[in-house]
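Taken together, the values in this text are just the output of simple stated rules run on the coordinates, not laboratory data. Remember, predicted model here, so these are calculated numbers, not experimental data. Neighbour counts run over all protein chains shown; Cβ positions are idealised from the backbone, glycine included.
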Amino acid sequence: MRLDELRVLACTVLRRAGLAGHHAEAVAETIVAGERDGCASHGAYRLLVAANTIRKGIVTSNPKLQIEEPGPALVRVRGDYGFAQLAFARGRPRLVDKARRFGIAAMALNDVVHFAALWPEVEALAEDGLVSLAVTPSHAWVAPAGGTRPVFGTNPIAFGWPRPGRDPFVFDFATSAVARGEIELHRRAGKAVPDDWGYDAEGKATTDAEAVLNGAMRTFGGHKGSALAAMVELLAGPLIGDLTSRQSLIADAERGGSPIGGELLIAIDPAAFLGGSVAEHLAQAEAMFESIERQGARLPSARRYAARAHSLEHGVLIPSALHAEITKILETE
Ligand code: NDP
Ligand code: PYC
């Protein structure tokens, strides 16, 4: 499919599933971006996830967003249980303005439903010339290091760094061994998962994707990923007055929808610390990137940017079974 065709399909499906037009467009944009950049777990597949979550009555079709300023450098967007993409789009100009005025600013998205990758947001803030960090909890699916029962969400951490004249330096990863969406894709394909991705309901390591989804996922990097997962819970849960992953799963009440709760974004203007010597110090960042690439290692997002260039020219390949499931939504909703 060409990307404009996928965008039309995504918007049509999301509207048919029940979202108001501008809401559908904001959500479709990140789904198209995910597919375009070769992120299968957060691309077209997410249309099924979003439609299911809407069908379960978890998402407000036409949310009434409220923007508040709890402090001079703080923005809060109350999402009224719309998808997070709409709240981010609405709050972004205010966050950017404050980061430029005060050097650093933070934005809480509260009461949102979240199924998305975070890199589109930190990449957008890098395009605004800002360094940024974004975190969000999900549902309690992940066991702490040393345990086998779920406490944490898959809790992604995304970071963006602007690079003059280049694609920004961006990384975005789940603090679980892998995103849950990846395990769901293994289940769909009937494929085994590596035995260090999770435990079955009895707490035993397993290669059965379904058993991990019904048991507990593992954090990446042992106790280090576990501590980072806890940090995400704290920053985008209690700190901003929103739900932890455990509370999100309780709020879901076994409907099987996407996580409900908050997201925290922090944006920093490099010029705030550096004044007139921004260019000199950003050049040191470039020297570091170069020393990574010179030895054959790659920067995070390099694969994504290459996939993007290919998709912009050639379009994307959607598996026919997935396409059939997506178009079925148009017949049934
Ligand atoms: P991946 O493990 O696929 O990738 C993590 C990051 O590492 C990417 O930035 C990737 O860049 C980079 N990377 C991968 N391999 C290398 C390498 N060899 N060298 C350098 N960098 C590398 O991500 P996850 O499975 O952990 O997460 C996937 C997505 O799921 C994320 O976008 C995340 O936001 C989303 N997610 C969302 C959640 C939510 O609650 N909303 C919950 C959990 C996950 P590249 O893309 O170029 O490969
Ligand atoms: O893949 O873990 C995941 C995920 C959770 C919410 C959105 N994506």
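Charge dipole of the chain (Cα centre as origin; +1 on each Lys and Arg Cβ, -1 on each Asp and Glu Cβ, all else neutral): 240 debye, rounded to the nearest 20. Kindly identify the range 36-79 as rounded, prolate or oblate by the Cα gyration tensor criterion: order the square roots of the eigenvalues as a ≥ b ≥ c, call it rounded if a/c is under 1.5, otherwise compare a/b with b/c, prolate if a/b is larger, else oblate. Oblate shape, in that a/c is at least 1.5 and b/c is the bigger or equal ratio. Efficiency by 1/(1 + (r/R0)^6): what FRET value for Tyr81 and Ala227, r their Cβ-Cβ distance, R0 = 30 Å, to the nearest 0.05? Computed FRET efficiency for Tyr81 and Ala227: 0.50. Which of rounded, prolate or oblate describes the range 197-316 when judged by the alpha-carbon gyration tensor and an a/c cut-off of 1.5? Prolate is the answer for the range 197-316, as a/c is 1.5 or above and a/b outweighs b/c. Listing Met1, Met288 from fewest to most neighbouring C-beta atoms within 10 Å gives Met288, Met1.
Work from the charge dipole of the chain (Cβ charges, +1 for Lys and Arg, -1 for Asp and Glu, about the Cα centre) and give the residue of Ala251, Leu47, Ala201 farthest towards its positive end. It is Ala251.
Taking a straight line from the alpha carbon of Lys56, these lysines sit under 22 Å away, with near neighbours fewer than eight places off in the same chain left out: Lys64, Lys328. Across Ala307, Ala50, Ala140, mean-square fluctuation computed from a Gaussian network of the chain (C-alpha pairs under 10 Å connected) peaks at Ala307.
Within the chain, the longest run free of exposed loop sites, counting trypsin sites (Lys or Arg not before Pro) that sit outside DSSP helix and strand states (H, G, I, E, B) and have at most 16 other Cβ atoms within 10 Å, spans 65-190. Structure remark: mean-square fluctuation, Gaussian network model of the chain, C-alpha springs under 10 Å; the largest value among Glu286, Glu233, Glu184 belongs to Glu286.
Assign unit charges at the C-beta atoms only (+1 for Lys and Arg, -1 for Asp and Glu), then state the dipole size of the range 45-112 relative to its Cα centre in Debye, rounded to the nearest 20. Before the final figure, lay out the partial values.
On the way: 12 positive and 5 negative charges, 33 e Å.
The calculated dipole for the range 45-112 is roughly 160 debye.
Taking Asn52, Asn214, Asn62 in turn, the Gaussian network model of the chain (Cα-Cα springs below 10 Å) assigns the largest fluctuation to Asn214. Considering the options Val75, Ala145, Ser311, tell which one lies farthest towards the positive end of the dipole of the chain, charges being +1 on Lys and Arg and -1 on Asp and Glu at the Cβ, about the Cα centre. So the residue furthest toward the plus end is Val75. Classify the chain as rounded, prolate or oblate from the Cα gyration tensor: take a ≥ b ≥ c as the square roots of its eigenvalues, call it rounded if a/c is under 1.5, otherwise prolate when a/b beats b/c and oblate if not. Rounded is the answer for the chain, as its axis ratio a/c remains below 1.5. Look at the dipole of the chain built from charges on Cβ: of Ala117, Ala17, Ala89, the Cα furthest out on the positive end belongs to Ala17.
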